[in-house]
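In what follows, a single structure is set out as structure tokens and then discussed.
The values are calculated or read from the model by the stated rules, or taken from the named source; none is laboratory data. These figures come from a predicted structure and were not determined experimentally. When we count neighbours, we look across all protein chains shown, and the Cβ atoms used for this are built from the backbone with ideal geometry, even at glycine. For accessibility, only protein heavy atoms count, side chains too; no ligands or nucleic acids. Shrake-Rupley method; radii C 1.70, N 1.55, O 1.52, S 1.80 Å.
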Amino acid sequence: LMVGLNKTLAGKLNGWGYISNPYKNLSYMGDVKVLGLQINNEEVGDVYALSQWDKEKNKVELSGDLLYRGLPTFQFKGTYDVSKKSDNLDFKLVFDKTNISFVNAFLEPLVIGNIKGFINGNLDVKGSISRPEIEGEVQLDNASAKVVMLGTTYKFNGPIKADKDGFYIDYIPVTDEEGNTGSMTGSIYHDDYKDWNFDLS
């Protein structure tokens, strides 16, 4: 159970760590990896993460990456400020041909399904672990999704912007299965990554 997401997680978890002088002069470092991570049976890949304690800043430094079928496609780096109860995250997410099929695990399959494709770009993560705030822009590359209500799969390429309330699409090119072209605009809202709402045209 993470950031309000009640999803089934699967994979092999391994790690190590050490801690010394926890009361006077804390020192900490740890490493974790999740091999074959899946969310609701959607393949995510192999996740590697390193964490260590920054004594001067009173923060935990975290960095890591995602390998999808052996290829590095995602990196993250940032800090978690343990002295604050809110606004304690400061992370940069870097996407490099990241496979987006795992997004299917978070969407209502009777509305949109069979999402495929890749994203490139950068996102900033602020806020807290329980209420993360994502801002930035990523670029869809050779993406597609089936609109179940219409029974049609659409292909699209273009930018998606994000902020703490949702994700926004501004007239990106769309092609259907017969080669007809058009454009898509709209918003995907959420309430702390629950109660998703779509407004797409």
For the stretch 77-90, indicate whether the set of residues that are at pLDDT 90 or above and more than 26 Å from SER20 (Cα to Cα) is non-empty. no
When only residues in the stretch 91-109 that are aliphatic (A, V, I, L, M) and within 16 Å of PRO72 (Cα to Cα) count, which is most open to solvent (accessible area, probe 1.4 Å)? VAL94
For GLU178: the one exception among (1) part of a strand (DSSP E or B); (2) open to solvent by 80 Å² or more (accessible area, probe 1.4 Å); (3) over 25 Å from LEU93 (Cα atoms): (1)
Run GLU42 past the list (1) open to solvent by 60 Å² or more (accessible area, probe 1.4 Å); (2) under 16 Å from the mean Cα position of the chain (by Cα); (3) not small (Gly, Ala, Ser) and report the number of the one that doesn't hold. (1)
Which count do you get for residues in the stretch 45-65 that are part of a strand (DSSP E or B) and at pLDDT below 90? 1
Taking the stretch 133-175 and the residues there that are part of a strand (DSSP E or B) and basic (Lys, Arg), the one that is least open to solvent (accessible area, probe 1.4 Å) would be LYS146
Enumerate the pairs (first residue in the stretch 110-131 and touching a residue at least 24 places away in the same chain (Cβ under 8 Å); second residue anywhere and hydroxyl-bearing (Ser, Thr, Tyr) and open to solvent by 50 Å² or more (accessible area, probe 1.4 Å)) with beta-carbon separation below 6 Å, excluding pairs fewer than 6 apart on the same chain, so at least 6 apart or on different chains. SER128/SER86
Of the numbered conditions (1) at pLDDT below 95; (2) under 22 Å from ASP163 (Cα atoms), GLY121 satisfies every one except a single condition; which is it? (1)
Residue that is nearest to LYS194 (Cα to Cα), among those in the stretch 89-119 that are in a strand (DSSP E or B) and among the aliphatic types (A, V, I, L, M): ILE112
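Just checking, does the stretch 58-65 include any residue being within 22 Å of TYR189 (Cα to Cα) and open to solvent by less than 50 Å² (accessible area, probe 1.4 Å)? So that I can check it myself, show each step before the final result.
Within the stretch 58-65, the subset within 22 Å of TYR189 (Cα to Cα) is none.
No: zero hits.
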Failed condition for ASN122, given (1) part of a strand (DSSP E or B); (2) open to solvent by less than 60 Å² (accessible area, probe 1.4 Å): (2)
Considering residues of the stretch 66-85 that are closer than 16 Å to GLN52 by Cα and not in a loop (DSSP other than H, G, I, E, B) only, the residue most open to solvent (accessible area, probe 1.4 Å): LYS77
Open to solvent by 50 Å² or more (accessible area, probe 1.4 Å), touching a strand residue (DSSP E or B) at 6+ places or on another chain (Cβ under 7 Å), in contact (Cβ under 8 Å) with a residue 40 or more places away in the chain and not aromatic (Phe, Trp, Tyr) - does that describe any residue in the stretch 17-24? no
